[in-house]
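*Asks:* Quick one: the structure is below, questions incoming.
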Amino acid sequence: MNLLPKSSREFGSVDYWEKFFQQRGKKAFEWYGTYLELCGVLHKYIKPREKVLVIGCGNSELSEQLYDVGYRDIVNIDISEVVIKQMKECNATRRPQMSFLKMDMTQMEFPDASFQVVLDKGTLDAVLTDEEEKTLQQVDRMLAEVGRVLQVGGRYLCISLAQAHILKKAVGHFSREGWMVRVHQVANSQDQVLEAEPQFSLPVFAFIMTKFRPVPGSALQIFELCAQEQRKPVRLESAERLAEAVQERQQYAWLCSQLRRKARLGSVSLDLCDGDTGEPRYTLHVVDSPTVKPSRDNHFAIFIIPQGRETEWLFGMDEGRKQLAASAGFRRLITVALHRGQQYESMDHIQAELSARVMELAPAGMPTQQQVPFLSVGGDIGVRTVQHQDCSPLSGDYVIEDVQGDDKRYFRRLIFLSNRNVVQSEARLLKDVSHKARPCYDVIMFDVDSKDPTLGMSCPPPAFVEQSFLQKVKSILTPEGVFILNLVCRDLGLKDSVLAGLKAVFPLLYVRRIEGEVNEILFCQLHPEQKLATPELLETAQALERTLRKPGRGWDDTYVLSDMLKTVKIV
C-alpha cells in the first residue's frame, strides 16, 4: 500500500491526512523515531509536571508512552478528524487525563501562555515542504501560534531532519523574537536515520527554542549546538555558523552511510573536533585495500600515527597510506593523525575516545561485536613539544616544534600552519631537548627567505642580520665554530651595511660568490687565526651542498660546495 503523496505539497493538505489515516488504520506511524529512540532528548527538555501540547500528533504512540512514564498533562491536536477519533477511542479508558482535539495549529483556540512545552515530531517538516510564499505564510502563522500559547521560559521542542530551508526558517523566526535557539543532535541517530532516498541518509535533530521575555532594544541572540557525544552545548556566533555545523553533521552521516554500504569509496578524510572548543583533534583517513582477501579477523583496524610523524610519506601521502594498509593486511585501515595544540594522555585514552566514533566507519559485511585492533609504531603516541608559536605578518601563523623520530632522535621543525602537513625546515638536535644549559654549536647555517618585495634584500629578512640577533648567534657558537649565511642582496649600499654589521660581530668573513646567481654564501668566524677548511667543516659543507642542490632552488648544479673553501674571498 502506497501512502506517500504524489507531491510534497500534499503534506499540508487536510484531505491527504484524512485519506492517509483511513488507509493506515490504527497502526502507529512514527516520524523520525520511536519513544525509545527519542526519550533521551525528550526527558532532558521536558519535566514530568509540565503542561505539554503536541501539535500534529497523528497516530504516533509518543504521547501515550510519555503519559505512561509520568507525563500526565498532555494535550494532542491534529487537523485530521479521522485520527483524532481513533486516538480518543484508544486512550479514553487507559489514559483518562490525556486529551485529543481536532484543531488547526495555525489557528489554535487555547488562551495565551497555556503551555510550558509545545512538542512537534515532524510536523514542521511536513508543512514546510517548499519556500513558496503561500507555504511560508502558513508556517509563519504556525510558529506565531506556538509562541503565543507558550509561557515565558517555555520551550518549542521540534523533532526534525533539519534540512537547510527548515533550519533557516525556524532559527530565523525565533531568533528574531529574542528566543534562545539550540539544536540538539539526537543520540545514536546514526542508527536511526530516515531513508530519504536510496543511498542517502539524514540524521535526526531536535530544535529547542526557549521563549524569553522581550527586552526592548536588546539585540542579544543565542545560538547553541549540542552534538550527541557532547556533555554540554557549544555556543556559536551566528545563525549561519549554526547552519554550517548542522550541515557538517549531516555530511558526516551521509559519509558513514556510504561507507557502510560500499566496500570502497576511494580516498576519504575527515576531521574529528574537540566537543568543547570545536578545534580539530584527530584527522582520519579511510584506506581500503581491494587486494586484501577477506577473512574473519582482517576486516578493520585503526592505526594511530605518532605525534610529529604525520608528514612522513608513509602516513602523509595517499600512496604511502595505501602501502601501509596493504602491509597491515586489513580490508579497511583508518589512519589517525594527532593534532598539535591538543593534549593526549596515552594510547589507551585515545582508544577509549575514538572507539565509538570510528565504528561508524566500519566496512560493509563486518561481523557484529568484532573487536577492532588499534595499531601504532612501537605502541606509543610519540612526542611533540611546541617551542614557539606566533603569527608572521608576511607568512601567517607558524610553529616551531621538537618531535621524536623513529630512531628516538629529536628534530626541530618549522611549520607554516597555512600548510600544516609540510615541514618548511628541519634540523636534528644534537643535545637532549630537555637539557637546561644553553647549547653551543660548531656550525650554524641560515637560509631564510624574505617575503617583503620592497626591500633590496630577499634573503635573509633584515631582522636576521641586526646586531642584537647576531650577538645571540655568537653566544651559541663554539669558539672555533662557523656561521654560514645565504645572502641575496641587489642593493649595493644595503649589502655593504650588512657585511659591516657581520664583521662587527664576526671579525673573519669569507664570501663565496656563485657564478650566474645573485646568491653569496658568507662564512663568518670569531677568530682570524682560525682555519676554515677543517675536515669537520668539509663534511658540513658537503651536507650543505646536498641541500642547496635540491631541485627548484634555481642555483647552478655544476659547482661543488666543498670546493668553494679553496676559492673563497676574504672580505
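*Asks:* Computed FRET efficiency, Cβ-Cβ of Phe446 and Ala326, R0 45 Å: what is it to the nearest 0.05?
*Replies:* In this case the efficiency is close to 0.60.
*Asks:* I need the phi-derived Karplus couplings for segment 234-247: 6.51 cos²θ - 1.76 cosθ + 1.60, θ = phi - 60°, integer Hz, Gly and Pro marked x.
*Replies:* Going residue by residue, I get 9, 7, 10, 7, 7, 5, 5, 5, 5, 4, 4, 5, 5, 4 Hz, with x marking Gly and Pro.
*Asks:* Something else about it: Please give the Cα centre distance for segment 75-90 versus segment 273-301, rounded to the nearest Å.
*Replies:* Going from one Cα centre to the other spans 48 Å.
*Asks:* Here's another thing I want to ask about it. Quick check: pseudo-label points 7 Å beyond the Cα along Cα→Cβ at Asp130 and Val69, how many nm apart are they?
*Replies:* It works out to 3.9 nm between the two label points.
*Asks:* Hey, rough spin-label estimate for Glu61 and Gln251, points 7 angstrom out along Cα→Cβ, what's it come to in nanometres?
*Replies:* 3.8
*Asks:* I would also like to ask the following. Please list, in chain and number order, the residues 5+ apart from Val448 or on another chain whose amide H is under 5 Å from its amide H, with Hs placed from the backbone.
*Replies:* For Val448, whose amide H was placed from the backbone, the distant partners under 5 Å are Asn486.
*Asks:* Quick one: check the C-alpha center-to-center distance for segment 98-173 versus segment 390-423, whole angstrom.
*Replies:* Cα centroid to Cα centroid, the span is 52 Å.
*Asks:* A further question follows. Highest first, please rank the peptides 111-123, 471-483 by the mean number of other Cβ atoms sitting within 10 Å of their residues.
*Replies:* Packing order, densest peptide first, comes out as 111-123, 471-483.
*Asks:* Still on this structure, please answer the following. Quote to one decimal, in nm, the extra length available between Cys273 and Phe411 on full extension: 0.36 nm per residue of separation minus the C-alpha distance between them.
*Replies:* Going from the current span to full extension adds 46.9 nm.
*Asks:* Quickly work out the His43-to-Val152 label distance, labels modelled 7 Å from Cα along the C-beta direction, and quote it in nm with one decimal.
*Replies:* Taking the two extended label points, one gets 3.2 nm.
*Asks:* Which ³J(HN,Hα) values, rounded to whole Hz and listed in residue order, are derived for segment 452-457 from phi using the Karplus coefficients 6.51, -1.76 and 1.60 in 6.51 cos²θ - 1.76 cosθ + 1.60 with θ = phi - 60°, glycine and proline given as x?
*Replies:* Residue by residue, segment 452-457 yields 8, x, 7, 8, x, 10 Hz.
*Asks:* Order these peptides, 349-355, 489-495, by their mean beta-carbon neighbour count within 10 angstrom, highest first.
*Replies:* Ranking, from highest mean packing down: 349-355, 489-495.
*Asks:* According to the square roots a ≥ b ≥ c of the eigenvalues of the Cα gyration tensor, what is the shape class of segment 377-471, taking rounded for a/c under 1.5, prolate for a/b larger than b/c otherwise, and oblate for the remainder?
*Replies:* Oblate.
*Asks:* Let me ask you something else. Are any of the pairs Lys47/Lys168; Lys51/Lys85; Lys232/Lys322 more than 31 Å apart by Cα-Cα distance, and if so, which?
*Replies:* Lys232/Lys322, as the Cα separations exceed 31 Å there.
*Asks:* Further, regarding this structure: Kindly identify segment 64-109 as rounded, prolate or oblate by the Cα gyration tensor criterion: order the square roots of the eigenvalues as a ≥ b ≥ c, call it rounded if a/c is under 1.5, otherwise compare a/b with b/c, prolate if a/b is larger, else oblate.
*Replies:* oblate
*Asks:* Note the full-extension length gain between Gln137 and Glu345 as 0.36 nm times their separation in residues minus their Cα-Cα distance, in nm to one decimal.
*Replies:* Between Gln137 and Glu345, full extension yields an extra 69.5 nm.
*Asks:* For segment 351-402, rounded, prolate or oblate, judged on the Cα gyration tensor with a ≥ b ≥ c (square roots of eigenvalues), a/c < 1.5 rounded, else prolate if a/b > b/c?
*Replies:* prolate
*Asks:* Through the Karplus equation 6.51 cos²θ - 1.76 cosθ + 1.60, θ set to phi - 60°, convert the phi angles of segment 396-405 into ³J(HN,Hα) values in whole Hz; use x for Gly and Pro.
*Replies:* x, 5, 9, 9, 10, 9, 9, 10, 9, x
*Asks:* How far, in nm, would the chain grow between Thr385 and Ala219 when pulled straight, counting 0.36 nm per residue and subtracting the alpha carbon separation?
*Replies:* My answer for the length gained is 55.4 nm.
*Asks:* List the residues, sorted by chain then number, that are 5 or more residues from His299 or on another chain and whose placed amide H is less than 5 Å from its amide H.
*Replies:* Arg331
All of the numbers you see were taken from the coordinates with simple rules; none came from a lab. Everything numeric in this text was worked out from a predicted model, so none of it was measured. Glycine gets a Cβ as well: all are built from the backbone with ideal geometry, and neighbour counts include every protein chain shown.
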